[in-house]
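**Q** First the structure, then my questions, so here it is.
The values are calculated or read from the model by the stated rules, or taken from the named source; none is laboratory data. The structure presented is a predicted model; accordingly, all values stated were derived computationally and were not measured. Positions of Cβ are backbone-derived with ideal geometry, glycine not excepted, and every protein chain shown enters the neighbour counts. We work out accessible area using only protein heavy atoms, side chains counted, and drop any ligands, DNA or RNA first. Shrake-Rupley method; radii C 1.70, N 1.55, O 1.52, S 1.80 Å.
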Amino acid sequence: MCETIQEYAPAHPAVVFSIELGRVSCFTEFDPVPEKTYIHHKWYQNDSLVTEKRLTINPPRWSSFTSVQLRESDKGPWRVEVTDENDKLMRTLRFSITD
(Lines give C-alpha, C1' and ligand atoms only; values in the text may rest on other atoms or scores of the structure.)
Protein backbone atom coordinates (compact mmCIF):
# COMPACT_ATOMS: atom_id res chain seq x y z
CA MET A 1 0.00 0.00 0.00
CA CYS A 2 1.36 3.41 -0.91
CA GLU A 3 0.45 7.05 -1.38
CA THR A 4 1.20 7.07 -5.10
CA ILE A 5 3.01 5.37 -7.98
CA GLN A 6 6.10 7.12 -9.39
CA GLU A 7 8.11 5.79 -12.32
CA TYR A 8 6.28 2.43 -12.13
CA ALA A 9 7.20 1.94 -8.46
CA PRO A 10 5.34 2.45 -5.16
CA ALA A 11 6.10 5.77 -3.43
CA HIS A 12 5.62 6.43 0.29
CA PRO A 13 4.45 3.00 1.50
CA ALA A 14 2.50 2.99 4.77
CA VAL A 15 -0.29 1.33 6.74
CA VAL A 16 -2.01 4.57 7.80
CA PHE A 17 -2.97 7.22 5.25
CA SER A 18 -4.49 10.67 5.67
CA ILE A 19 -7.84 11.38 4.01
CA GLU A 20 -6.11 14.55 2.77
CA LEU A 21 -4.20 12.49 0.17
CA GLY A 22 -7.35 11.99 -1.84
CA ARG A 23 -6.12 8.65 -3.20
CA VAL A 24 -4.34 5.49 -2.06
CA SER A 25 -2.77 2.77 -4.24
CA CYS A 26 -2.13 -0.97 -4.03
CA PHE A 27 1.03 -2.09 -5.86
CA THR A 28 1.69 -5.77 -6.60
CA GLU A 29 4.73 -7.37 -8.21
CA PHE A 30 5.12 -10.94 -9.48
CA ASP A 31 8.38 -12.69 -10.34
CA PRO A 32 8.43 -15.12 -11.99
CA VAL A 33 5.24 -15.16 -14.09
CA PRO A 34 5.26 -18.47 -16.01
CA GLU A 35 2.33 -17.61 -18.30
CA LYS A 36 -0.19 -14.87 -18.95
CA THR A 37 -2.82 -14.89 -16.23
CA TYR A 38 -5.10 -12.61 -14.23
CA ILE A 39 -5.23 -11.39 -10.65
CA HIS A 40 -7.80 -9.35 -8.77
CA HIS A 41 -7.49 -6.48 -6.31
CA LYS A 42 -10.57 -6.55 -4.07
CA TRP A 43 -10.90 -3.36 -2.02
CA TYR A 44 -12.88 -3.65 1.23
CA GLN A 45 -13.89 -0.95 3.69
CA ASN A 46 -15.18 -2.23 7.04
CA ASP A 47 -15.62 -5.72 5.51
CA SER A 48 -17.79 -4.38 2.66
CA LEU A 49 -16.55 -4.86 -0.90
CA VAL A 50 -16.11 -1.40 -2.44
CA THR A 51 -14.53 -2.30 -5.79
CA GLU A 52 -12.84 -5.16 -7.58
CA LYS A 53 -10.27 -4.72 -10.34
CA ARG A 54 -9.12 -7.47 -12.71
CA LEU A 55 -5.49 -7.13 -13.81
CA THR A 56 -3.51 -8.99 -16.46
CA ILE A 57 -0.01 -10.17 -15.61
CA ASN A 58 2.45 -11.37 -18.25
CA PRO A 59 5.77 -13.27 -18.30
CA PRO A 60 8.53 -13.16 -17.33
CA ARG A 61 7.75 -10.73 -14.47
CA TRP A 62 5.07 -8.12 -13.99
CA SER A 63 3.90 -5.39 -11.67
CA SER A 64 0.59 -3.61 -11.56
CA PHE A 65 -1.44 -1.35 -9.34
CA THR A 66 -4.91 -0.09 -8.60
CA SER A 67 -6.05 3.00 -6.73
CA VAL A 68 -9.16 4.36 -5.05
CA GLN A 69 -10.31 7.96 -4.66
CA LEU A 70 -10.90 8.85 -1.03
CA ARG A 71 -14.00 10.61 0.27
CA GLU A 72 -14.67 11.92 3.76
CA SER A 73 -16.79 8.83 4.49
CA ASP A 74 -13.86 6.51 3.73
CA LYS A 75 -12.15 6.88 7.11
CA GLY A 76 -11.55 3.67 9.02
CA PRO A 77 -10.09 0.21 8.40
CA TRP A 78 -9.53 -1.08 4.87
CA ARG A 79 -8.02 -4.12 3.21
CA VAL A 80 -7.13 -5.24 -0.28
CA GLU A 81 -7.36 -8.95 -1.04
CA VAL A 82 -5.13 -10.05 -3.91
CA THR A 83 -6.56 -13.18 -5.53
CA ASP A 84 -5.55 -15.30 -8.50
CA GLU A 85 -7.74 -15.99 -11.54
CA ASN A 86 -9.48 -18.83 -9.62
CA ASP A 87 -10.29 -16.49 -6.72
CA LYS A 88 -7.68 -18.10 -4.47
CA LEU A 89 -6.43 -15.62 -1.86
CA MET A 90 -2.75 -14.80 -2.39
CA ARG A 91 -2.29 -11.92 0.06
CA THR A 92 -4.26 -9.54 2.27
CA LEU A 93 -3.00 -5.97 2.70
CA ARG A 94 -4.50 -4.02 5.62
CA PHE A 95 -4.40 -0.26 6.12
CA SER A 96 -6.40 2.60 7.64
CA ILE A 97 -7.62 5.98 6.48
CA THR A 98 -7.53 8.74 9.14
CA ASP A 99 -7.88 12.50 9.44
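**Q** Please list the equivalent ellipsoid semi-axes of region 1-55, computed as the square roots of five times the alpha-carbon gyration tensor eigenvalues, in descending order and whole angstrom. Spell out each step's value before the answer.
**A** Details: eigenvalues 101, 58, 14 Å².
Those come to 22, 17, 8 Å.
**Q** Summarise the accessible area of the chain (1.4 Å probe, protein heavy atoms) by the percent that is carbon and sulfur.
**A** Working: 2870 of 6140 Å².
About 47 percent, which is the carbon plus sulfur part of the accessible surface.
**Q** Solvent-accessible area per residue for region 1-62 at a 1.4 Å probe radius, Å²? Before the final figure, lay out the partial values.
**A** On the way: 3900 Å² over 62 residues.
Averaged over the residues of region 1-62, the accessible area is 63 Å².
**Q** Moving on. Label L55 and T98 with points 7 Å out from Cα along Cα→Cβ: what is the distance between them in nm?
**A** Label-label distance for L55 and T98, simple model: 2.6 nm.
**Q** Dipole size in debye (nearest 20) for the chain around its Cα centre, Lys and Arg Cβ +1, Asp and Glu Cβ -1? Mind showing how you got there, number by number?
**A** Details: 12 positive and 15 negative charges, 23 e Å.
It comes to approximately 120 debye.
**Q** Going out from 0 in 10 Å bins, what whole percent of all Cα-Cα distances in the chain drops into each bin?
**A** With a bin width of 10 Å, the distribution comes to 16, 49, 29, 7, 0.
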